[in-house]
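The values are calculated or read from the model by the stated rules, or taken from the named source; none is laboratory data. Nothing here was measured: the structure is a model prediction, and the numbers come from that model. Cβ placement follows ideal geometry from the backbone for every residue including glycine, while neighbour counts extend to all protein chains displayed. For the accessible areas, the whole protein counts, side chains as well, though only heavy atoms, and no ligand, DNA or RNA atoms are used. Shrake-Rupley method; radii C 1.70, N 1.55, O 1.52, S 1.80 Å.
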Amino acid sequence: MATVINVSHLTQGYGKTIVLHDISLQVAPGQILALIGPSGAGKTTLVSAIMGMLRPKSGTVEVLDTPMPDRALLAKIGYMAQTDALYDELTGRENLAFFGTMQGVLKIELKQRIPRAAAVVDLQGDLDKPLKDYSGGMRRRLSLAIALLADPPLLILDEPTVGIDPELRQQIWAELHRMAKRGITILLTTHVMEDAEEADQVMMIRQGAAIAQGTPAALTAQYHVDSIEQVFLQAGRDQDAR
Ligand SMILES: Nc1ncnc2c1ncn2[C@@H]1O[C@H](COP(=O)(O)OP(=O)(O)OP(=O)(O)O)[C@@H](O)[C@H]1O
Ligand SMILES: [Mg+2]
């Protein structure tokens, strides 16, 4: 398998409105791709298309060599939505057990995996609190732990670092890099330039178009600048001038 995600000339939108124009991207096994772009650029729409929650208006989306949408493939994707979908009445541990079971993780495995996933996001001490006592950042962290539970070959994380402090952000990145080394492929969206710098590949989306893509090093070299933020600003100016 050469690619885990293969998006080719994708046009996507809602009803008659076009939100994404001619997007192509490939992600190889064990690679981390960061989708970066301003609010409303189309990041979540692209994630939804890759998950098969939207059918392409034109172009194709393949995940693990399977054209999307494909319901059966969802079991192979660890997904963290931008909006947390959690049970307020249950504790953190109960939420993890519930969603883990839904993903087909066996009870005996959950016993080991729940504390491991909770440790990645520093929630070990809060697992027995009901979710209604969690802060916004804690809920984000629990959603990330849920996405990690089943140890899927592909992780799709929509803004995993929102509401996460810098120290924990580094800890999460260390874990993402470890998973990538094991061959897990990761696609994430972010507003944060530091996240983009951590990725193997960056795709910048603005107004539904891919304005720049490549490795962080190749992009900064191509634009003769020294940060991903400056690449983004320059690529945005270039787009406006066209
Ligand atoms: N369900 C929907 N129905 C109609 N329009 C939508 C829907 N979801 C998103 N849009 C529109 O599509 C565009 C892209 O939205 P999208 O959520 O993909 O952006 P985003 O890059 O994820 O933004 P953010 O960083 O704020 O999450 C926006 O103009 C938005 O209004
Ligand atoms: Mg979004």
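Just the residues that are more than 18 Å from T161 (Cβ to Cβ) and either of a type in the set (A, V, I, L, M, F, W, C) or within 15 Å of ligand 2 (Cβ to nearest atom) (or both), please, taken from region 14-35. Walk me through it before giving the result.
The first filter runs over region 14-35 and keeps only residues more than 18 Å from T161 (Cβ to Cβ), leaving 14-31.
Passing the criteria: Y14, I18, V19, L20, I23, L25, V27, A28.
Sort out which residues of region 120-130 are open to solvent by 40 Å² or more (accessible area, probe 1.4 Å) and in contact (Cβ under 8 Å) with a residue 24 or more places away in the chain, and write them in order of number.
First, the residues of region 120-130 that are open to solvent by 40 Å² or more (accessible area, probe 1.4 Å): 122, 124-125, 128-129.
Selection gives D122, D128, K129.
Every residue in region 36-93 that is among the charged types (D, E, K, R) and within 16 Å of ligand 2 (Cβ to nearest atom), please.
Result: K43, D84.
Yes/no per residue for (1) in a helix (DSSP H, G or I); (2) open to solvent by less than 50 Å² (accessible area, probe 1.4 Å):
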site	(1), (2)
G78	no, yes
A85	no, no
E89	no, no
R93	yes, no
G100	yes, yes
G104	no, no
A118	yes, yes
K132	yes, no
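Quick one: which residue in I211, I172, I186 is open to solvent by less than 50 Å² (accessible area, probe 1.4 Å) and modelled with pLDDT under 95?
Selected residue: I172, the only one of I211, I172, I186 that is open to solvent by less than 50 Å² (accessible area, probe 1.4 Å) and modelled with pLDDT under 95.
Counting only residues that are within 13 Å of V120 (Cα to Cα) and basic (K, R), which one in region 142-181 is nearest to ligand 2 (Cβ to nearest atom)?
R169
Having 2 or more residues that are open to solvent by 10 Å² or more (accessible area, probe 1.4 Å) is the bar; report the strands (runs of 3 or more DSSP E) wholly within region 1-61 that clear it.
5-14, 17-27
Look at L74 and say whether it is crowded, with 18+ Cβ neighbours inside 10 Å and closer than 20 Å to G183 by Cβ.
For L74, the condition - crowded, with 18+ Cβ neighbours inside 10 Å and closer than 20 Å to G183 by Cβ - is not met.
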